[in-house]
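The structure appears below as structure tokens.
Just so it is clear, none of the values below were taken in a lab; they were calculated from the coordinates. Here the structure is a predicted model, which means the values were calculated and not measured. Virtual Cβ from ideal backbone geometry, glycine too; neighbours counted across all protein chains shown.
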Amino acid sequence: MLPTERFREFIVKNDLFGHHHKILAAVSGGKDSVLMAHLLKAAGFDFGIAHCHFQLRGQEALADKAFVSSLASELNVPVHNIDFDTKKYAADEKVSIQMAARELRYQWFQQISRQYGYDFIALAHHQNDAIETILLNLTRGTGIAGLHGILPKNENLIRPLLFLSREEIDQVIQNNKLTYREDSSNSSNKYARNKIRLEVIPKLKELNPALEETFERNLGHFRELEILLGQKIGELKKELFTGHDGDIRIPVQQVKKLNPQKLLLYGLLSEFGFNESTIGDIISSLDKHPGRIFESPGFILLLDRTELVVSKKDAEPALITIDKAQHEAHYGNYRISILHDDSPLIVKDNPMAVSIDADLLIYPLTVRSWQQSDHFYPLGMKTRKKLSDFFIGLKIPLHQKKHVPLLVNGNGEIAWIGGLRPDNRYKVSMKTKKVTIFELYKL
């Protein structure tokens with residue numbers, strides 16, 4: 001008999017899904033996924049089957065595809081098939097064949113779920129897969145999250161076979177005379193996971209024949225530790241995180257008091273893409289390098305004297321030009337209003353606007369971000385100043401400098417540091433006959 005009752009109990013215990021949900025079952029044709037499909041049918045759930053042909057194993061893979069379609073007919077459920085050019089994808093994306101296959105199938109599973117209204121995607125991982133994942137993570141280096149193994153539920157991905165070991169699956173398949181397809185690549189030790197499966201785990205089982213049960217208990221402990229750590233991190237975020245202009249700010253003195261420091265700071269910053277190595281660099285710089293910048297793929301962290309400031313990376317605004325006939329332009333997150341006035345009007349008390357002697361302007365003008373060699377003559381000064389020194393004097397963080405709009409005259413001279421300071425050479429004077437007024441509006 002099929003272990004249908006244990007299957008139902010595991011689903012209920014882990015709150016995976018209910019009879020009102022629609023399930024997309026990923027079926028390769030191997031023992032595990034075939035058993036999962038039969039259990040979903042026996043338990044009376046509403047499901048369909050998804051099968052991927054990666055075009056890597058020739059006729060063997062084509063036979064898998066035909067078998068899965070036949071299984072879907074036998075179970076009277078819909079089947080979704082797709083053929084991938086896996087080698088081309090791997091070459092284009094510069095990833096391994098294994099990673100290419102993984103990315104392709106998960107992207108497609110999500111697409112099919114949205115298209116056909118499936119609530120969850122069922123994957124046929126079992127207890128031994130969880131053990132292999134933990135051992136693989138340990139050999140590569142991991143934190144607590146890597147020790148919990150494969151979770152029964154992760155967003156819309158569910159794994160309803162995690163209550164079974166590989167040996168139990170083999171026994172159920174044999175007892176119920178279920179047909180399946182054997183993937184020849186599973187017996188190759190070419191891949192790291194297969195090495196662990198075929199060489200490492202048998203040795204561990206010599207030390208502990210009840211390896212699966214031991215690991216199942218350990219997995220429970222690791223998951224509880226992760227929950228406890230997550231709760232602590234959540235409390236720290238509420239206590240330490242403050243926001244200003246879209247930034248996240250964390251007091252340096254509070255970071256120094258964290259204990260254990262590296263573990264907790266990683267928990268605070270990992271959501272922004274900072275890895276463990278970078279966290280170590282941040283900690284070693286706390287007392288030494290104020291002003292240092294650390295980067296993750298999507299964020300920048302500024303080590304200020306009193307705060308860690310985390311900002312989202314924004315693309316540098318593209319350079320724009322302004323013609324004499326224009327009355328409006330857009331640059332990055334700003335709208336620029338342009339007013340031509342026949343009187344020498346001076347704008348006062350509004351740093352977001354400037355009056356410039358119109359006769360000194362050479363069109364087309366340019367609006368761009370700062371460059372390392374930029375300099376100008378600040379209003380009221382007759383000496384030249386580097387723009388980098390000007391920003392330092394105003395304590396403008398490095399990551400914000402590139403978003404300051406610079407109005408550049410047609411001769412290459414900076415006429416206005418947008419929102420901060422005009423250039424003395426372009427000020428309105430007694431000789432001015434008409435002005436052009438530029439005003440910034442933040443979008």
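Ranking Leu263, Gly243, Ser311 by Cα position along the charge dipole of the stretch 241-312, where only Lys, Arg, Asp and Glu carry charges on their C-beta atoms, puts Leu263 farthest toward the positive end. Between the amide H of Val404 and those of Trp370, distances stay under 5 Å, these residues lying 5 or more places away or on another chain, with hydrogens modeled in the peptide plane. According to the Cα-based calculation, Rg over Rh for the stretch 345-412 is 0.96, with Rh computed by the Kirkwood formula. Sparsely packed loop sites in the stretch 202-305 (the trypsin sites (Lys or Arg not before Pro) outside DSSP H, G, I, E and B with at most 16 other Cβ atoms within 10 Å) comprise Lys288, Arg305.
Based on the convex hull around the alpha carbon atoms, the stretch 213-307 presents an average projected area of 7.0 nm².
Expressed as a whole percent, how much of the Cα-Cα distance distribution for the stretch 325-371 exceeds 14 Å? Summing the P(r) tail past 14 Å for the stretch 325-371 gives 62 percent. Within the listed set Asp374, Asp32, Asp119, the residue fluctuating most in the Gaussian network model of the chain (springs between alpha-carbon atoms under 10 angstrom) is Asp374.
In which sequence would Val27, Val310 go, from the one with the fewest C-beta neighbours within 10 Å to the one with the most?
Ranked by crowding around the Cβ, least crowded first: Val310, Val27.
Among Ile169, Ile336, Ile279, determine the one that fluctuates most according to a GNM of the chain built with springs between C-alpha atoms less than 10 Å apart. Greatest mean-square fluctuation among the candidates belongs to Ile336.
Straight-line reach from Lys238: which lysines have a Cα under 30 Å away, not including same-chain ones fewer than 8 places off? Leaving aside lysines fewer than 8 places away in the same chain, those within reach of Lys238 are Lys153, Lys256, Lys257, Lys262, Lys288, Lys312, Lys313, Lys395, Lys401, Lys442. Taking amide hydrogens as placed 1.01 Å from N in the peptide plane, the amide H of Ser296 sits under 5 Å from those of Leu301, each at least 5 positions away in sequence or on another chain. Relative contact order for the stretch 241-312: what is it in percent, counting Cα pairs under 8 Å that are at least 6 residues apart? RCO, the stretch 241-312: 34 percent. What the phi angles of the stretch 420-430 give under the Karplus curve with 6.51, -1.76 and 1.60, with θ = phi - 60°, is a coupling list of 10, 7, x, 8, 4, 6, 10, 6, 6, 10, 5 Hz, glycine and proline written as x.
Within straight-line reach of Lys433, meaning a Cα separation under 22 Å, sit the following lysines at least 8 residues removed in sequence or on another chain: Lys324, Lys348. Sorted largest first, the spans of the alpha carbon positions of the chain along the three principal axes are 101, 50, 41 Å. Rounded to whole Å, the principal axis extents of the Cα atoms in the stretch 253-327 read 62, 23, 17, largest first. Largest GNM mean-square fluctuation across His403, His126, His244, computed for the chain with C-alpha springs under 10 Å, falls on His244.
Derived value for the stretch 320-442: Kirkwood hydrodynamic radius 14.5 Å. Basis is the mean of 1/r over every pair of different alpha-carbon atoms.
Round to a whole angstrom and tell me the spacing of the C-alpha centers of the stretch 9-82 and the stretch 398-435. Taking the Cα centre of each part, the stretch 9-82 and the stretch 398-435 sit 66 Å apart.
Close amide-amide hydrogen proximity is noted between Asp423 and Trp416, Ile417, each under 5 Å apart and 5 or more residues distant or on a separate chain (H modeled in the peptide plane; Pro and chain starts excluded). Only Cα sites of the stretch 9-141 enter the Debye sum here, all with the same form factor; the resulting log10 I(q)/I(0) across q = 0.16 1/Å is -0.92, listed in q order.
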